[in-house]
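The values are calculated or read from the model by the stated rules, or taken from the named source; none is laboratory data. These numbers come from a predicted model, not from an experiment. Cβ placement follows ideal geometry from the backbone for every residue including glycine, while neighbour counts extend to all protein chains displayed. SASA here: full protein model, heavy atoms, side chains in, ligands and nucleic acids out. Shrake-Rupley method; radii C 1.70, N 1.55, O 1.52, S 1.80 Å.
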Amino acid sequence: MMFTTKCAIQNIRNVAIVGSGLMGSGIAQVSASSGLNVVLSDVKQDSLDKAMKSINKSLTRIAKKQNGSDKEKADYVTLTMSRIKTSTNVSTAVTDADLVIEAAIENIELKRGLFAQIEQSAKKDAILTTNTSSLSLEDIAKGLDDKTRFGGLHFFNPVPVMKLLEVIRSDHTSDETFATLIKYGTAIGKTTVACKDSPGFIVNRLLIPYLFQAIKMYEREDASMTDIDAAMKLGASHPMGPFELADYVGLDTCKFIMDGWAAKYPDNPAFAASPLLDALVAEGKLGRKTKEGFYSYK
Ligand code: CAA
């Protein structure tokens with residue numbers, strides 16, 4: 001039965017999520033479903049409205065599959081939604097938070113600016129985290145006064161479905177902060193894995209070069225896209241082939257991650273660019289979100 005929504009961490013009741021895109025809204029949903037009070041913040045009210053709609057849709061999808069009466073299912077959705085407040089002001093959004101999760105776009109300057117604002121407005125004992133998928137925690141936390149309360153919580157898309165949460169510690173993250181982040185992950189129903197502040201952590205460090213190897217295989221004309229996808233689905237039991245997955249993640253995101261690593265580690269051939277991917281991104285073919293990437297979704 002799913003209608004249990006008590007979160008088992010005593011020191012985290014209020015969570016603020018900064019950024020209401022795909023990841024931020026998913027994180028808000030799983031936190032609220034676990035009984036936590038959430039403030040979801042974004043600069044645009046429009047984005048927040050869109051996020052609340054998509055959370056409602058996802059919760060309804062989940063509720064539908066559970067045991068219980070129609071009323072119980074509707075109540076579950078209403079109760080979970082009622083735990084999520086929205087704000088267009090990041091400073092007020094984080095005031096009462098025990099845990100802040102930044103899920104804004106992957107721009108180092110923007111993230112640094114946000115954390116300066118967040119640290120100024122949050123409680124002194126609040127834990128501050130980033131959902132970055134490829135940037136260094138050390139770089140993001142550069143301007144923070146207290147780096148011991150800072151760490152990484154890396155979620156996967158779609159957040160309500162994917163069972164993993166990577167919990168990242170920098171050299172400054174305290175044991176207490178890290179232990180609380182692991183507890184938060186467990187309380188929201190994720191399986192946690194720990195990783196140091198290293199490029200791509202565990203999943204993306206393996207996944208992004210794998211996606212690029214598939215693209216390079218296709219560029220060399222070793223095999224067709226559909227055969228590479230079929231091979232990995234049927235031969236390795238992956239739910240999606242590499243081209244389907246790259247379209248799902250977003251080709252701009254794949255390129256952004258790889259470009260960042262290539263700039264930082266220019267001698268590592270695993271991080272070499274793909275001309276085909278660069279061309280698709282330049283044409284605005286970014287995958288599912290633009291209805292065209294390696295495949296067409298029109
Ligand atoms: N909210 C709630 N439930 C959802 C959902 C959502 N947003 N999206 C899917 N679901 C549920 C469906 O209801 C369905 O549930 P049941 O099986 O209980 O009916 C289940 O998930 C499967 O969904 P679908 O039947 O619609 O489609 P599918 O079987 O093709 O699965 C998928 C879709 C879960 C996305 C699957 O294809 C998959 O796991 N793909 C790989 C995704 C992946 O690798 N993600 C990680 C990307 S990397 C990343 O995120 C890190 C980064 O930093 C780049």
query = For segment 216-298, which chymotrypsin sites (Phe, Trp or Tyr not before Pro) are both in a DSSP coil and crowded by at most 14 other Cβ atoms within 10 Å?
reply = Y297
key: Square roots of 5 times each gyration tensor eigenvalue, C-alpha, the chain, largest first, Å   = 32, 25, 17
message = Between helix 175-187 and the chain, what is the angle of the helix's C-alpha long axis to the longest principal axis, kept within 0 to 90° and rounded to the nearest 10?
response = 90
The chain, accessible surface, carbon-and-sulfur percent (1.4 angstrom probe) = 55
ask   = Accessible area per residue of the chain at 1.4 Å probe, in Å²?
value = 49
query = Which entries in K255/K285; K53/K285; K50/K85 show an alpha-carbon gap greater than 20 Å?
reply = K53/K285
request  = Assign unit charges at the C-beta atoms only (+1 for Lys and Arg, -1 for Asp and Glu), then state the dipole size of the chain relative to its Cα centre in Debye, rounded to the nearest 20.
outcome  = 1100
request  = Could you please put D247, D49, D267 in sequence from largest to smallest accessible area, using a 1.4 Å probe?
outcome  = D267, D49, D247
Sequence of T95, T180 from largest to smallest accessible area, 1.4 Å probe = T95, T180
request  = Report, in degrees rounded to the nearest 10, the 0 to 90 angle that the Cα long axis of helix 45-64 makes with the longest principal axis of the chain.
outcome  = 90
note = Row for segment 1-112, column shape: gyration tensor on C-alpha, a ≥ b ≥ c, rounded if a/c < 1.5 i.e. under 1.5, prolate if a/b over b/c, else oblate; value prolate
message = On a 1.4 Å probe surface of the protein chains, which of Y76, Y210 comes out largest in accessible area, and what is the full order?
response = Y210, Y76
key: Cα-based helix-to-principal-axis angle, 22-33 vs the chain, degrees rounded to 10   = 40
Helical mean residue ellipticity (222 nm; -39500 (n - 2.57) per DSSP H run of 4+; nearest 500) of the chain = -14500 deg cm²/dmol
ask   = Once you sort the root eigenvalues of the Cα gyration tensor of segment 100-207 as a ≥ b ≥ c, which label holds: rounded (a/c under 1.5), prolate (a/b larger than b/c) or oblate (the other case)?
value = prolate
note = Classified through the alpha carbon gyration tensor (a ≥ b ≥ c as square roots of its eigenvalues; rounded if a/c is under 1.5, else prolate when a/b is larger than b/c, else oblate), segment 184-273 comes out oblate
request  = Among DSSP beta bridges whose residues both lie in the chain, state the antiparallel percentage, nearest 5.
outcome  = 15
inquiry  = With a cut-off of 8 Å between alpha carbons and a minimum separation of six or more residues, what is the relative contact order of the chain in percent?
reply    = 13
task = In whole angstrom, note down how far apart the Cα centers of segment 66-96 and segment 123-170 are.
result = 23
query = Between V193 and L234, what is the spin-label point distance in nm, taking each point 7 Å from the Cα along the Cα→C-beta axis?
reply = 2.8
